[in-house]
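*Asks:* One structure, as structure tokens, below. Some questions next.
The values are calculated or read from the model by the stated rules, or taken from the named source; none is laboratory data. This one's a predicted model, so the numbers in the text were calculated from it and none came from an experiment. Note: ideal-geometry Cβ built from the backbone for every residue, glycine included; neighbour counts use all protein chains shown.
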Amino acid sequence: MNTNRPTAATLPVSPVLPGRPAPPDSSALPDSTTLPALPALPAPAAPAALTASTDLAALADLFPHGVATASELLALGLTGEEVAARCRAPARWQRLLPGVLLLAATQATRVQLVQAALRYAGEGAVVTGPDALRLHGMRALPAVGPVRVLVDRCVEQTPRVRLIRTRRPPPPVVRRGFPTAPLARAAADAVRNLDQPGEMRAVLAEVVHRGGVRVAELRLLLSRGPEPARQVLAQLAGGA
């Protein structure tokens, strides 16, 4: 047996080839337990919440006509206390309807009231009556009093909104950005709430002569309407 076989401790070191770096000395490598710890990554910044210093005009621009629901404001980061504080002077918002606010201190316009009524009534609501007539370009009847809105479900009435529940709301047309009842339906809903024959005639004659609505369609919609309205339609059918 060859007793001169070198042991692991006496193995010759391999020569370093020209042009190649020497292998690192393993004894110089630090132990894994002594490696410096990596610095902790910073936590992601939380989304900036709206504060009392947020510009009111800029916030109002996020919503059509400056009208927003309380739930929308809460979703943006405001708290209930902040919303309540902004409804007090000097940065005064206004509660137009339950859960619906005007993000301004100025008096609400009729357009803003219509927007508020639609937001209050919820998805699928349609403007009808005098406001719808005005949106169609009719001018015989002023838009005053409660905003009339068609809905297909039960919604609590308020003094500023007259909710008309119907099983089959008419397909709306868009007028100035609002879902609006067709002209014939808007006229019929308006006439049902009038008590002066002269006003009824003014509305019906305008939608027939200027709006191109057929008398037969109005007769169908007002088959159970006021008797003076049916008399006006009979006159219009005869060319009066």
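*Asks:* Here is a list: VAL213, VAL207. Which entry is in contact with a helix residue (DSSP H, G or I) (Cβ under 7 Å, 6 or more places away or on another chain) and either part of a helix (DSSP H, G or I) or at pLDDT below 95 (or both)? Give the steps one after another, and end with the answer.
*Replies:* Details: VAL213 fails: either part of a helix (DSSP H, G or I) or at pLDDT below 95 (or both).
Of the residues listed, the single one that is in contact with a helix residue (DSSP H, G or I) (Cβ under 7 Å, 6 or more places away or on another chain) and either part of a helix (DSSP H, G or I) or at pLDDT below 95 (or both) is VAL207.
*Asks:* Another question, if that's okay. Looking at region 56-135, what helices (runs of 4 or more DSSP H) fall wholly within it and have at least 1 residues that are touching an Asp or Glu at 6+ places or on another chain (Cβ under 7 Å)? Please lay out each step first, then the result.
*Replies:* Values: elements: 56-60, 70-75, 80-86, 110-121, 129-135.
So the answer is 110-121, 129-135.
*Asks:* Identify, from the list ARG230, ARG160, the residue that is touching a Phe, Trp or Tyr at 6+ places or on another chain (Cβ under 9 Å) and not β-branched (Val, Ile, Thr). Talk me through it step by step, then tell me what you get.
*Replies:* On the way: ARG230 fails: touching a Phe, Trp or Tyr at 6+ places or on another chain (Cβ under 9 Å).
Just one listed residue meets the conditions, ARG160.
*Asks:* Of the residues that sit in region 106-126 and are under 16 Å from PRO64 (Cα atoms) and among the β-branched types (Val, Ile, Thr), which one is nearest to the chain's Cα centre (by Cα)?
*Replies:* Looking at residues that are under 16 Å from PRO64 (Cα atoms) and among the β-branched types (Val, Ile, Thr), I get VAL114.
*Asks:* It is to be established whether one or more residues within region 155-162 are more than 14 Å from ASP189 (Cβ to Cβ), surrounded by 19 or more Cβ atoms within 10 Å (Cβ to Cβ) and not acidic (Asp, Glu). Give the derivation first.
*Replies:* Step one: of region 155-162, the residues more than 14 Å from ASP189 (Cβ to Cβ) are 155-160.
Keeping just the survivors that are surrounded by 19 or more Cβ atoms within 10 Å (Cβ to Cβ) gives none.
No; the residues of region 155-162 include none that is more than 14 Å from ASP189 (Cβ to Cβ), surrounded by 19 or more Cβ atoms within 10 Å (Cβ to Cβ) and not acidic (Asp, Glu).
*Asks:* Let me ask another. Here is a list: ARG139, ARG148. Which entry is touching a helix residue (DSSP H, G or I) at 6+ places or on another chain (Cβ under 8 Å), within 23 Å of LEU221 (Cβ to Cβ), surrounded by fewer than 16 Cβ atoms within 10 Å (Cβ to Cβ) and in contact (Cβ under 8 Å) with a residue 40 or more places away in the chain? Walk me through how you get there before you give the answer.
*Replies:* Numbers: ARG148 fails: surrounded by fewer than 16 Cβ atoms within 10 Å (Cβ to Cβ).
None of the others qualify; the one that does is ARG139.
*Asks:* (1) touching a Phe, Trp or Tyr at 6+ places or on another chain (Cβ under 9 Å); (2) over 27 Å from GLY99 (Cβ atoms); (3) not aliphatic (A, V, I, L, M): which one isn't true of HIS136, the others all being true?
*Replies:* Failing condition for HIS136: (1).
*Asks:* In region 163-199, which residues are part of a loop (DSSP other than H, G, I, E, B), more than 27 Å from the chain's Cα centre (by Cα) and either buried (at least 17 other Cβ atoms within 10 Å of the Cβ) or free of Cβ contacts under 8 Å to residues at least 60 places away in the same chain (or both)? Give the derivation first.
*Replies:* The initial filter retains those residues of region 163-199 that are part of a loop (DSSP other than H, G, I, E, B), namely 166-172, 176-177, 181-182, 192-196.
Subsequent filtering for residues that are more than 27 Å from the chain's Cα centre (by Cα) retains 192-196.
Passing the criteria: ARG192, LEU194, ASP195, GLN196.
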